[in-house]
1. Give me the percent of accessible area attributable to carbon and sulfur for segment 150-210, probe 1.4 angstrom.
2. Let a ≥ b ≥ c be the square roots of the eigenvalues of the Cα gyration tensor of segment 62-102; is it rounded (a/c under 1.5), or, if not, prolate (a/b larger than b/c) or oblate?
3. Divide, for segment 43-127, the radius of gyration over alpha carbons by 2.2 N^0.38 Å, where N is the residue count.
4. Sort 154-163, 195-204 for me by packing, meaning the mean count of neighbouring Cβ atoms within 10 Å per residue, highest on top.
5. Give me the one-decimal nm value for the distance between modelled label points at Leu142 and Asp39, 7 Å along each residue's Cα-to-Cβ direction.
6. Please sort 3-16, 33-46 by packing, taking for each peptide the average over its residues of neighbouring beta carbons within 10 angstrom, highest first.
7. Compute the acute angle (0 to 90°) between the alpha-carbon long axis of helix 118-142 and the principal axis of greatest extent of the alpha-carbon atoms of the chain; round to the nearest 10°.
8. Please list 108-115, 136-143 highest first by mean number of surrounding beta-carbon atoms within 10 Å per residue.
Amino acid sequence: MTDLLLPIFPLGVVLFPGTMLPLHLFEPRYRQMLADVRDGDGRFGIIAAMPGVAERDLPAGRMGCVAEVTDVDVMPDGRANIIVTGRERFALTAFIEHDAPYHVATGTVVLDHTGFAPVALAVAADEVLANFKRVVQAVRTLNDDTDPLPNLPDDAAQVAWSVGAMIDLDLESRYRLLAERSPAARLTQIDHVLRKAIPDLELQAALKAK
């Protein structure tokens, strides 16, 4: 486990490793955070907020994802639109006292469990990708969308996060997907969501095509 010291941005969203997320920064404290991280390594931590829990009361062990700022558009009034890319996961250790107007905390990097069978994982990832393509094709038929399919990862351990970032999941489901340390279990979670959606979407697409 590697120790981290990060500015923390509690949000009602989940950032997955290897995926991108657009953010709009308008609060003065997060404008300052952006300025500070741009002067440093460009990284801060995003932790999914918990309903009814104050930001500094988020419990130790709450999982987050390191966000690296990869694009910035600062507006004349100081607000900013940024794009961040998810890097490593971390578990919150503790918030610390700091002069900054935003939260700062320590955390430890969280890695996947090892020992899974690569061939079985690759087969499961291929199944998820095939089902995801069926969902996308049905949705695009319904929306008269002819754009190409989104780029999908070759890394089987990344597939569930990449697909999860592009489909409709509630916050708790997204958090479970982030926190799951078994790549196979993540694929199972996503495949269940896709398989549940496919019959209705494909029926609607078929009716529209007629």
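The values are calculated or read from the model by the stated rules, or taken from the named source; none is laboratory data. What you are looking at is a predicted structure, and each value in this text was computed from that prediction instead of being measured. Heads up, the Cβs are rebuilt from the backbone with ideal geometry, glycines too, and the neighbour counts pull from every protein chain shown. Note: accessible area is taken over every heavy atom of the protein model, side chains too, but ligands, DNA and RNA are not part of it. Shrake-Rupley method; radii C 1.70, N 1.55, O 1.52, S 1.80 Å.
1. Of the solvent-accessible surface of segment 150-210, carbon and sulfur hold 52 percent.
2. oblate
3. Ratio of Rg to 2.2 N^0.38 Å for segment 43-127: 1.44.
4. Taking the mean over residues of other Cβ atoms within 10 Å, the ranking is 154-163, 195-204.
5. Between Leu142 and Asp39, the label points sit 4.8 nm apart.
6. Values: 3-16: 19.4, 33-46: 17.0.
Output ranking for 3-16, 33-46: 3-16, 33-46.
7. Its long axis makes an angle of about 80 degrees.
8. Most protected by this proxy first, the peptides run 136-143, 108-115.
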